[in-house]
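The values are calculated or read from the model by the stated rules, or taken from the named source; none is laboratory data. Nothing here was measured: the structure is a model prediction, and the numbers come from that model. We place every Cβ from the backbone using ideal geometry, glycine too, and count neighbours over all the protein chains shown.
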Amino acid sequence: MIKINLLPQKRAKRSLASVGGDGPSRELYIGLGALAAAAVLVFIAVDMPKRSRLHELQDSSAEIDKDIQAKKKQLVGYPELQKAADEATERANAINRLNAARIVPANVLHELGEILTANHLPTMTEDMARKTGTGTDSDPNKRFDFAWDPAHVWLTSISDQADGGFRLEGGAQTEVDITQLSKRLAASAYFTNIAPASENRVTDKESGLDYFRFTITGRVAY
């Protein structure tokens, strides 16, 4: 009878089982642990500071938004006030230019200041307002150019006469500016018989620029 010794083979199987089973499991666990440690390190060293900075920026942005809203509430109505102040300054400048000359009564002075202020119209009757407007019943000869800028005209003197007449002298950039000024004077309830007496092109000695020197006559409706 043949006998076979199986002991070495069992030991070999156990040895293989030991190498093939326990060894790789420990390495796997070690690798996973290393990855977990690296992830924790990245989270602590990189992610947390970025998250903290992001929260700081968000809080700062919220504070800025609150300040902006508060400032907006404080500035409610400011554009309208600024516009009114600018118009008042412009009107005062126009009146001051006239104050340097011999002047007519205060109500007429105020009317001239209105005419020489941007986006302001003379005092008119309802009929005259229709004629100078843009409606179908307007008069082409009396119609205003509402985009006209009175800053293109400047007055140098104004004189009144005993019979109620007046003489207005000044300068303008173009002939159109003189026409628009004359139309507004003619449309005003404070003036009658408006007529451009003369206009001629001259050259300013200091700047060398050309402009039109004009004279307008009429009567004051006291």
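None of R130, R219, R143 is part of a strand (DSSP E or B), of a type outside the set (D, E) and surrounded by 12 or more Cβ atoms within 10 Å (Cβ to Cβ) except R219.
I need the full set of residues from the stretch 196-208 which are within 19 Å of L181 (Cβ to Cβ) and at pLDDT below 90, in order please. Can you show your working first?
Our first condition is that a residue be within 19 Å of L181 (Cβ to Cβ); within the stretch 196-208, this holds for 196-202.
Matches in the stretch 196-208: P196, A197, S198, E199.
Every listed requirement among (1) of a type in the set (V, I, T); (2) assigned to a loop (DSSP other than H, G, I, E, B); (3) surrounded by 14 or more Cβ atoms within 10 Å (Cβ to Cβ) is met by T136 save one, (3). Across the stretch 86-108, which residue is modelled with the highest pLDDT among those that are buried (at least 16 other Cβ atoms within 10 Å of the Cβ) and not in a loop (DSSP other than H, G, I, E, B)? By that ranking, first place goes to V108.
Are any residues in the stretch 153-181 free of Cβ contacts under 8 Å to residues at least 40 places away in the same chain, more than 15 Å from Y211 (Cα to Cα) and surrounded by 15 or more Cβ atoms within 10 Å (Cβ to Cβ), and if so, which ones? Across the stretch 153-181, the qualifying residue is only Q180.
Would you confirm whether or not the stretch 204-211 contains a residue that is assigned by TED's automatic domain parsing to the domain that holds A106, surrounded by 13 or more Cβ atoms within 10 Å (Cβ to Cβ) and closer than 22 Å to H110 by Cα?
We begin by selecting, within the stretch 204-211, every residue assigned by TED's automatic domain parsing to the domain that holds A106; these are 204-211.
When the remaining residues are screened for being surrounded by 13 or more Cβ atoms within 10 Å (Cβ to Cβ), the result is 211.
Next, only the ones that are closer than 22 Å to H110 by Cα stay: none.
There is no residue in the stretch 204-211 that is assigned by TED's automatic domain parsing to the domain that holds A106, surrounded by 13 or more Cβ atoms within 10 Å (Cβ to Cβ) and closer than 22 Å to H110 by Cα.
Could you tell me whether any residue of the stretch 187-202 is loosely packed, with under 11 Cβ neighbours inside 10 Å and under 34 Å from the mean Cα position of the chain (by Cα)? Looking through the stretch 187-202, none of the residues is loosely packed, with under 11 Cβ neighbours inside 10 Å and under 34 Å from the mean Cα position of the chain (by Cα).
Out of all the residues in the stretch 131-144, is one or more more than 36 Å from the chain's Cα centre (by Cα), under 25 Å from P105 (Cβ atoms) and in contact (Cβ under 8 Å) with a residue 40 or more places away in the chain? No - not one qualifying residue is present in the stretch 131-144.
Only residues that are in a strand (DSSP E or B) and of a type outside the set (G, A, S) were counted in the stretch 170-216, giving 17.
Evaluate the stretch 114-124: report whether one residue or more is in the same structural domain as R201 (by TED's automatic domain parsing) and more than 33 Å from the chain's Cα centre (by Cα). If you could, list the steps in order and put the result at the bottom.
To start, the set of residues in the stretch 114-124 that are in the same structural domain as R201 (by TED's automatic domain parsing) comprises 114-124.
Next, from what is left, pick out any that are more than 33 Å from the chain's Cα centre (by Cα): none.
No, that holds for no residue.
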